[in-house]
Amino acid sequence: MRTFHLPLPDELHDALRREATADHRPATELARDALAGWLQTRQRERVAGEIRRFALAHAGSELDIDADLERAGVDHLLAGESS
């Protein structure tokens, strides 16, 4: 495992220490979990944005979803609502 030096403002450091004490966990563990969660969220947002841009750029083109496949999917979803 590698280390990373991260200076924190006093208020943030104090809040992290309070949370660590309340949670009975090391502050470094809480900070690591928070950072990992933030990075995961950023990655999901980035991928969703790429998908959105692709869909907008290719809507109505030969790369768009097949109309028959789309209709079948909608029919399937609607059939599931009535069960």
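Taking the stated definitions as given, is Ala48 touching a Leu at 6+ places or on another chain (Cβ under 9 Å), in a helix (DSSP H, G or I) and either surrounded by 10 or more Cβ atoms within 10 Å (Cβ to Cβ) or at positive phi (or both)?
Values: touching a Leu at 6+ places or on another chain (Cβ under 9 Å): no; in a helix (DSSP H, G or I): yes; either surrounded by 10 or more Cβ atoms within 10 Å (Cβ to Cβ) or at positive phi (or both): yes.
For Ala48, the condition - touching a Leu at 6+ places or on another chain (Cβ under 9 Å), in a helix (DSSP H, G or I) and either surrounded by 10 or more Cβ atoms within 10 Å (Cβ to Cβ) or at positive phi (or both) - is not met.
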Item to check | Failed condition for Ala27, given (1) touching a Lys or Arg at 6+ places or on another chain (Cβ under 7 Å); (2) at pLDDT below 95 | outcome: (2)
Next on the checklist: Taking the condition of being surrounded by 10 or more Cβ atoms within 10 Å (Cβ to Cβ) and of a type in the set (A, V, I, L, M), how many residues in segment 62-73 meet it?
Outcome noted: 3
Item to check | Members of segment 5-23 found to be part of a helix (DSSP H, G or I) and either surrounded by 10 or more Cβ atoms within 10 Å (Cβ to Cβ) or touching a residue at least 24 places away in the same chain (Cβ under 8 Å) (or both), listed by number | outcome: Leu12, His13, Asp14, Ala15, Leu16, Arg17, Arg18, Glu19, Ala20, Thr21, Asp23
Item to check | Matching residues in segment 51-83 - criterion: being in a helix (DSSP H, G or I) and among the acidic types (Asp, Glu) | outcome: Asp68, Glu70, Asp75, Glu81
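The values are calculated or read from the model by the stated rules, or taken from the named source; none is laboratory data. What you see is a predicted model, and the numbers here were worked out from it, not measured in a lab. Heads up, the Cβs are rebuilt from the backbone with ideal geometry, glycines too, and the neighbour counts pull from every protein chain shown.
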